[in-house]
Protein chains: 2
Amino acid sequence: MNTADLGLPEEEGREALPQKGGGGRRVGVPSTALFTDQYELTMVRAALAAGTAERRSVFEVFTRRLPNGRRYGVVAGTGRVLDAVENFRFDGAVLDFLREREIVDEETLRWLAGYRFSGDIWGYPEGEVYFPGSPIMRVEGTFAECVLLETVILSILNHDSAIAAAASRMSAAAGDRPLIEMGARRTHELAAVAASRAAYVGGFATTSDLAAGFRYGIPTVGTSAHAFTLLHDSERDAFQAQVNTLGRGTTLLVDTYDVAEAVRTAVEVAGTGLGAVRIDSGDLLLVAHRVRQQLDELGARDTKIVVTSDLDEYAIASLAAAPVDAYGVGTQLVTGSGHPTSSMVYKLVARAESARPNAPLVPVAKRSTGGKTSVGGRKWAARRLDAYGVAEAEVVGTGPVPGELADRQLLVELVKGGEVVAREPLDAARERHAAAREGLPMSATQLSRGEPVLPTEYLHGASGS
Amino acid sequence: MNTADLGLPEEEGREALPQKGGGGRRVGVPSTALFTDQYELTMVRAALAAGTAERRSVFEVFTRRLPNGRRYGVVAGTGRVLDAVENFRFDGAVLDFLREREIVDEETLRWLAGYRFSGDIWGYPEGEVYFPGSPIMRVEGTFAECVLLETVILSILNHDSAIAAAASRMSAAAGDRPLIEMGARRTHELAAVAASRAAYVGGFATTSDLAAGFRYGIPTVGTSAHAFTLLHDSERDAFQAQVNTLGRGTTLLVDTYDVAEAVRTAVEVAGTGLGAVRIDSGDLLLVAHRVRQQLDELGARDTKIVVTSDLDEYAIASLAAAPVDAYGVGTQLVTGSGHPTSSMVYKLVARAESARPNAPLVPVAKRSTGGKTSVGGRKWAARRLDAYGVAEAEVVGTGPVPGELADRQLLVELVKGGEVVAREPLDAARERHAAAREGLPMSATQLSRGEPVLPTEYLHGASGS
């Protein structure tokens with residue numbers, strides 16, 4: 001295993017993090033301190049001056065609703081949040097920038113220079129499912145240290161969870177057939193890497209994105225594009241060049257000119273041991289059947305068929321009865337299949353009466369009209385099961401946890417006193433998601449629009465909603 | 001001006017790029033070599049073995065259609081593409097990764113180790129508008145050196161152009177009122193920075209995202225959130241704390257509890273010189289009118305009203321007659337207002353007959369059915385004007401440029417022999433966009449769905465479409 005970096009390399013003078021599970025490589029993680037909306041800094045400034053910055057505070061991440069018609073959400077990005085919190089530091093250049101722009105004053109700059117999050121974070125573990133009102137993450141510490149993390153935590157969770165939710169629907173639709181993530185070209189180059197990661201959590205098997213393979217150890221795949229065929233004097237020349245180099249187990253792209261002719265040429269060149277053919281256009285249902293028949297007639301019965309053209313979960317489902325062996329998904333995966341963000345918010349739900357240590361917490365909540373109210377108080381959550389062991393409700397409460405739910409609690413400790421305590425390999429999140437989805441009522445994986453598959457029930461002081 | 005870095009710092013052993021126009025700061029740009037789909041590397045490997053890797057090739061970026069009902073596209077990300085091409089290098093850790101995964105062989109690894117793009121890139125300058133078939137970017141060099149850039153170029157242009165197109169519609173709807181970009185929390189943390197940049201090109205005035213201010217010199221804004229009010233014992237305490245620190249010119253958020261009461265308190269605390277109030281929920285049209293009336297009655301006639309709740313271009317347009325002074329836009333901006341990606345593709349359109357230097361180019365194009373055909377041949381583009389100087393057609397051709405279009409050509413030289421030759425401040429792209437949009441027929445800025453506002457006409461050997 002090599003040290004060193006790649007895509008996003010080490011910041012000068014800061015050590016790269018050790019490798020984080022899942023077979024990925026050491027990649028330097030840069031400071032995340034400016035992935036922040038300006039008002040977080042001005043609030044810290046005003047609170048420092050007012051003597052309220054040190055009031056103990058509880059912020060919670062939750063969503064008021066799932067995207068229209070979706071039946072469950074998928075928590076993803078938790079591991080990236082932990083990295084971001086650990087690397088949230090203000091260095092000299094950033095402080096100079098804030099000073100020159102006069103965004104904060106000297107007292108605040110001194111406070112920022114010493115910033116390290118020293119509080120506690122609990123949350124739904126990565127891969128878990130969630131519902132409206134689920135307290136997906138809870139951040140507790142002083143007001144100032146917690147309020148600064150709002151934007152970076154929401155950026156990561158809102159993006160990664162949106163992709164994982166789409167991936168989960170696609171993987172449910174694909175059943176046992178593997179899904180290949182190939183959307184890098186359809187989204188921001190680093191969002192793409194996070195999307196590959198989230199897709200893996202949601203059930204995808206592989207990715208075409210090399211940076212995702214490097215960082216997270218996700219298996220990578222890919223052989224050739226139409227350009228490779230067009231580069232050569234004939235399709236046969238191109239296939240021969242590819243098979244010579246990559247072996248007969250490779251996947252040949254057969255829809256540059258005429259599919260039937262390409263399949264014939266492919267088997268002539270590679271023999272009946274050809275690994276796979278890929279179809280990237282046309283009526284995939286029809287073409288897959290024709291290609292399967294042709295391959296079988298040519299004796300290439302073990303040659304697989306991969307399809308890759310503008311697929312989403314509905315197209316995947318519609319190919320369930322077609323002779324298709326794997327799906328490549330791009331645009332619809334990285335754009336969340338119509339829902340590219342998760343509408344999670346980060347809200348103050350309780351804060352101390354004063355800045356004294358051990359001052360009692362009081363629940364707080366926005367009260368104005370307009371649909372943006374929230375439920376005050378520090379919350380727990382548990383998933384109640386029915387007599388058959390199937391989930392039947394998401395229970396969210398602010399008081400003591402009822403005994404029968406004590407061992408069904410959903411939040412786990414992620415950061416304790418500023419130290420990350422819950423690193424895990426990416427495969428753990430992937431397996432957790434598969435198990436969590438399996439534990440839901442069967443209608444969870446219906447693709448049609450519907451209500452959240454579990455109702456959210458509030459217990460105890462859950463007023464204001 | 002400080003040196004040093006921030007969000008994305010320097011790669012060890014590589015110098016940070018000099019500052020790139022527009023008032024931004026030096027930020028180390030990491031290697032972009034793994035923002036690549038695996039098949040690009042396996043194609044290089046197979047082409048090297050086949051002796052075809054050095055065939056001179058022309059790739060073009062274009063889109064077959066605009067998003068449903070949109071009337072024009074906006075090119076954004078060009079400056080980021082130039083950075084990405086310059087930083088596309090394979091270092092030791094990346095080469096080790098490719099070797100261990102057996103993605104390429106030793107010959108290819110040696111070739112990659114020496115990789116530097118040495119070809120030419122022409123393209124629509126940043127901020128320019130485009131239409132279906134517009135050759136937005138043209139990359140020319142050997143097959144191997146060009147094919148490697150496919151994913152990173154598409155990632156950047158597809159993302160940034162989608163955001164800029166949404167921003168342009170919103171800025172047309174907002175007229176002279178300024179737009180604030182505040183979507184960082186709704187998308188990947190680095191996609192957010194690129195989104196701020198693209199929004200600025202599309203006509204936004206400011207951003208809440210500090211990293212975008214740091215990197216690109218975009219003006220940043222922001223004062224406080226509901227959490228700040230909830231932190232304090234009363235709304236009055238919170239307003240007083242904010243005004244004490246940020247001055248009476250600040251913007252107070254007035255919808256935590258009761259808007260009318262908050263407006264009264266705000267003016268009591270800050271006086272009639274209060275800078276602005278922000279409304280983040282409710283029926284904005286109704287609330288803005290009431291708040292304006294109340295402010296006027298209180299004598300705060302110069303206090304501005306900022307609205308910030310789930311706005312898109314339609315909501316902005318519906319507030320045109322309301323007493324609103326600025327709009328803050330989040331989710332709908334960073335998700336492209338329904339179209340988070342631009343469906344641009346990167347296609348081989350011509351390649352040399354052989355790897356000999358000066359071998360003649362032959363046009364190539366995918367020919368199979370399925371709606372994914374393209375037009376072969378290296379293209380020019382020009383925008384033809386009518387007698388009144390208004391654009392009337394996007395003309396795309398493969399032969400000589402007709403004399404009357406010679407000075408209306410759209411592609412400019414961006415990279416020459418591997419050297420970037422077209423750096424510019426971000427403000428240049430922003431001004432170019434405003435001028436380009438101004439030059440379109442008036443129906444360009446209609447928000448309703450329609451056809452592209454200019455037809456695309458093909459001239460000369462434009463077969464195969």
Lone unmet requirement of (1) buried (at least 24 other Cβ atoms within 10 Å of the Cβ); (2) touching a residue at least 24 places away in the same chain (Cβ under 8 Å) for B:Tyr115: (1)
Unmet criterion (only one of (1) in contact with a strand residue (DSSP E or B) (Cβ under 6 Å, 6 or more places away or on another chain); (2) surrounded by fewer than 19 Cβ atoms within 10 Å (Cβ to Cβ); (3) within 12 Å of chain A (Cβ to nearest Cβ)) for B:Met344: (2)
Listing of strands (runs of 3 or more DSSP E) fully contained in the range A:380-463 that carry 3 or more residues being open to solvent by less than 60 Å² (accessible area, probe 1.4 Å): A:380-385, A:391-397, A:412-416
Residues within the range B:234-266 that are in contact with a His (Cβ under 9 Å, 6 or more places away or on another chain) and under 19 Å from A:Ala53 (Cβ atoms), tallied: 6
Residue identified as more than 22 Å from B:Pro135 (Cα to Cα) and modelled with pLDDT of 95 or more among B:Pro340, B:Pro425, B:Pro357: B:Pro425
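Rundown of residues vs (1) under 29 Å from the mean Cα position of the chain (by Cα); (2) more than 24 Å from B:His188 (Cβ to Cβ), yes/no style:
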{"site": "A:Leu295", "(1), (2)": "no, yes"}
{"site": "A:Val306", "(1), (2)": "yes, yes"}
{"site": "A:Ser343", "(1), (2)": "yes, no"}
{"site": "A:Ala352", "(1), (2)": "no, yes"}
Among (1) open to solvent by 10 Å² or more (accessible area, probe 1.4 Å); (2) more than 25 Å from A:Ala172 (Cβ to Cβ); (3) out of contact with any Asp or Glu (no Cβ under 7 Å at 6 or more places or on another chain) - the single one A:Glu140 does not satisfy: (3)
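With respect to A:Ala53, is the statement that it is surrounded by fewer than 24 Cβ atoms within 10 Å (Cβ to Cβ), in contact with a Leu (Cβ under 9 Å, 6 or more places away or on another chain) and modelled with pLDDT of 95 or more true?
Numbers: surrounded by fewer than 24 Cβ atoms within 10 Å (Cβ to Cβ): yes; in contact with a Leu (Cβ under 9 Å, 6 or more places away or on another chain): yes; modelled with pLDDT of 95 or more: yes.
When the stated conditions are applied, A:Ala53 passes them.
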Answer from A:Leu333, A:Leu348, A:Leu311 - the residue that is assigned to a loop (DSSP other than H, G, I, E, B), in contact with a helix residue (DSSP H, G or I) (Cβ under 9 Å, 6 or more places away or on another chain) and either closer than 24 Å to A:Arg65 by Cα or not basic (Lys, Arg) (or both): A:Leu311
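For every residue, the table says whether it meets (1) part of a helix (DSSP H, G or I); (2) on the phi < 0 side of the Ramachandran plot; (3) at pLDDT below 95; (4) open to solvent by less than 40 Å² (accessible area, probe 1.4 Å).
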residue	(1), (2), (3), (4)
A:Leu252	no, yes, no, yes
A:Ala260	yes, yes, no, no
A:Val263	yes, yes, no, yes
A:Glu268	yes, yes, no, no
A:Leu274	no, yes, no, yes
A:Val277	no, yes, no, yes
A:Gly282	no, no, yes, yes
A:Ala288	yes, yes, no, yes
A:Leu295	yes, yes, no, yes
Residues of the range A:299-308 satisfying the condition of being out of contact with any Ser or Thr (no Cβ under 6 Å at 6 or more places or on another chain), open to solvent by less than 30 Å² (accessible area, probe 1.4 Å) and in a loop (DSSP other than H, G, I, E, B): A:Thr303, A:Thr308
Per-region count, the range B:160-174, residues out of contact with any strand residue (DSSP E or B) (no Cβ under 8 Å at 6 or more places or on another chain) and open to solvent by 10 Å² or more (accessible area, probe 1.4 Å): 3
Residue within the range A:313-325 that is within 14 Å of chain B (Cβ to nearest Cβ) and either touching a residue at least 60 places away in the same chain (Cβ under 8 Å) or of a type in the set (D, E, K, R) (or both) present: no
Among (1) open to solvent by 10 Å² or more (accessible area, probe 1.4 Å); (2) more than 20 Å from B:Gly418 (Cα to Cα); (3) modelled with pLDDT under 95, the one test that B:Asp105 misses: (3)
Matching option when the condition is touching a helix residue (DSSP H, G or I) at 6+ places or on another chain (Cβ under 7 Å), of a type in the set (Lys, Arg) and not in a helix (DSSP H, G or I), among A:Arg248, A:Arg197: A:Arg248
Residue in the range A:219-248 that is farthest from B:Arg101 (Cα to Cα), counting only those that are open to solvent by less than 30 Å² (accessible area, probe 1.4 Å) and more than 8 Å from chain B (Cβ to nearest Cβ): A:Glu235
Total residues in the range A:134-165, condition of a type outside the set (D, E, K, R) and more than 12 Å from chain B (Cβ to nearest Cβ): 7
Residue list for the range A:175-212, filter: under 21 Å from A:Ala436 (Cβ atoms), buried (at least 24 other Cβ atoms within 10 Å of the Cβ) and either not assigned by TED's automatic domain parsing to the domain that holds A:Lys304 or not basic (Lys, Arg) (or both): A:Leu179, A:Glu181, A:Ala194, A:Ala195, A:Ser196, A:Ala198, A:Ala199, A:Tyr200, A:Val201, A:Gly202, A:Phe204
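The values are calculated or read from the model by the stated rules, or taken from the named source; none is laboratory data. Every value quoted in this text rests on a predicted model; they were computed, and no experiment measured them. Cβ coordinates were reconstructed from backbone atoms using ideal geometry, including for glycine residues, and neighbour counts include every protein chain displayed. We work out accessible area using only protein heavy atoms, side chains counted, and drop any ligands, DNA or RNA first. Shrake-Rupley method; radii C 1.70, N 1.55, O 1.52, S 1.80 Å.
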